[in-house]
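A.B. asks: My questions will all concern the structure given below.
The values are calculated or read from the model by the stated rules, or taken from the named source; none is laboratory data. This structure is a prediction, so every number in the text was calculated from the model and none was measured. So basically every Cβ, Gly included, is an ideal-geometry build from the backbone, and we count neighbours across all protein chains shown.
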Amino acid sequence: MTIIATLYISPLPPHLSPQSTALHAYVALSTAPVKVIRSSLPPFDEPPIFIDGTLFLKGFENILSYFRKTYFDLDSRLDAKQSAESIAFSSFVKSLAEPLTLHTHVINFQNYPVTRSQISAQIPFPVKYWTAHSLLQSAQTKLVRFGLHQSENDNRGISLMKRVVDSTQVDVTIQKFAKELYSCLEWKLGTQDLLFGTTRCRRQSMLSYTHISLLI
């Protein structure tokens with residue numbers, strides 16, 4: 001098989017790079033002639049990045065949209081109703097699973113030093129500092145609705161969150177989201193072996209499956 005395109009993905013663990021993980025899984029399922037490279041310093045920007053000849057794409061949705069039109073489409077046998085259900089389910093799961101993952105691995109001040117060390121082990125100097133800071137800022141922004149806002153640095157250099165509401169209320173909110181997520185998955189799976197019966201994974205569900213796997 002002649003390699004004609006390259007997908008650059010993050011070298012970070014899956015829980016810190018779900019989009020890269022999902023795209024890697026999609027390419028593997030498709031067996032398309034695409035070379036996958038784990039790179040902390042891919043051409044031009046941060047991963048995931050897809051290069052096909054002179055074409056340059058970044059972002060999960062942009063890459064996936066091009067890939068399914070050009071190489072392989074996991075949704076080719078879906079009708080309109082099934083496709084809509086897949087998109088809706090994926091969006092719902094992502095809306096719950098992403099905050100849970102970010103809260104556990106980034107916002108939780110006891111776990112964040114471990115996350116930061118994982119970044120340092122995979123990303124070279126000085127980019128690793130920017131990557132850790134960018135991840136923390138992004139997580140804070142996404143979790144504002146849980147009662148968290150921008151952090152202040154303590155004298156140890158570890159970024160701690162200032163809580164808008166009592167920490168117990170934040171934990172209750174997170175636990176509520178986790179319960180909703182697993183209840184939804186239990187209902188959707190039922191007695192089936194797969195979330196979508198006996199068919200293969202759907203393209204819109206790939207990212208949600210990645211988020212789910214990070215929480216199990």
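A.B. asks: Taking ARG116, is it part of a loop (DSSP other than H, G, I, E, B) and basic (Lys, Arg)?
C.D. replies: no
Matching residues to (1) crowded, with 19+ Cβ neighbours inside 10 Å; (2) more than 25 Å from PHE60 (Cβ to Cβ); (3) at pLDDT 85 or above; (4) small (Gly, Ala, Ser):
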| residue | (1), (2), (3), (4) |
| --- | --- |
| SER95 | no, no, no, yes |
| PRO99 | yes, no, no, no |
| VAL106 | yes, no, yes, no |
| VAL114 | no, yes, yes, no |
| SER117 | no, yes, yes, yes |
| LEU143 | yes, no, no, no |
| LEU148 | yes, no, no, no |
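A.B. asks: What residue, of ALA139, ALA84, ALA121, ALA88, is on the phi < 0 side of the Ramachandran plot, under 16 Å from the mean Cα position of the chain (by Cα) and at pLDDT 70 or above?
C.D. replies: Exactly one of ALA139, ALA84, ALA121, ALA88 is on the phi < 0 side of the Ramachandran plot, under 16 Å from the mean Cα position of the chain (by Cα) and at pLDDT 70 or above, namely ALA139.
A.B. asks: Further question on the same structure: Quick one: PHE56 ticks every box in (1) touching a Ser or Thr at 6+ places or on another chain (Cβ under 7 Å); (2) free of Cβ contacts under 8 Å to residues at least 40 places away in the same chain; (3) among the aromatic types (Phe, Trp, Tyr) bar one, so which box is it?
C.D. replies: So PHE56 meets the others, but not (1).
A.B. asks: If we keep just the residues of region 1-13 that are over 14 Å from PHE60 (Cβ atoms), touching an Asp or Glu at 6+ places or on another chain (Cβ under 9 Å) and at pLDDT 85 or above, which is surrounded by the fewest Cβ atoms within 10 Å (Cβ to Cβ)?
C.D. replies: This residue is THR6.
A.B. asks: Another question about this same structure. Would you mind finding the one in LEU16, LEU64 that is at pLDDT 85 or above, in contact with a Lys or Arg (Cβ under 7 Å, 6 or more places away or on another chain) and surrounded by 20 or more Cβ atoms within 10 Å (Cβ to Cβ)?
C.D. replies: Every option except LEU64 fails the conditions.
A.B. asks: Out of the residues in region 29-75 that are acidic (Asp, Glu) and over 16 Å from the mean Cα position of the chain (by Cα), which is nearest to ALA132 (Cα to Cα)?
C.D. replies: ASP45
A.B. asks: Examine region 19-28 for a residue that is over 13 Å from the mean Cα position of the chain (by Cα), surrounded by fewer than 22 Cβ atoms within 10 Å (Cβ to Cβ) and of a type in the set (Ser, Thr, Tyr), and state whether such a residue exists.
C.D. replies: Looking for residues that are over 13 Å from the mean Cα position of the chain (by Cα), surrounded by fewer than 22 Cβ atoms within 10 Å (Cβ to Cβ) and of a type in the set (Ser, Thr, Tyr), one finds none in region 19-28, hence no.
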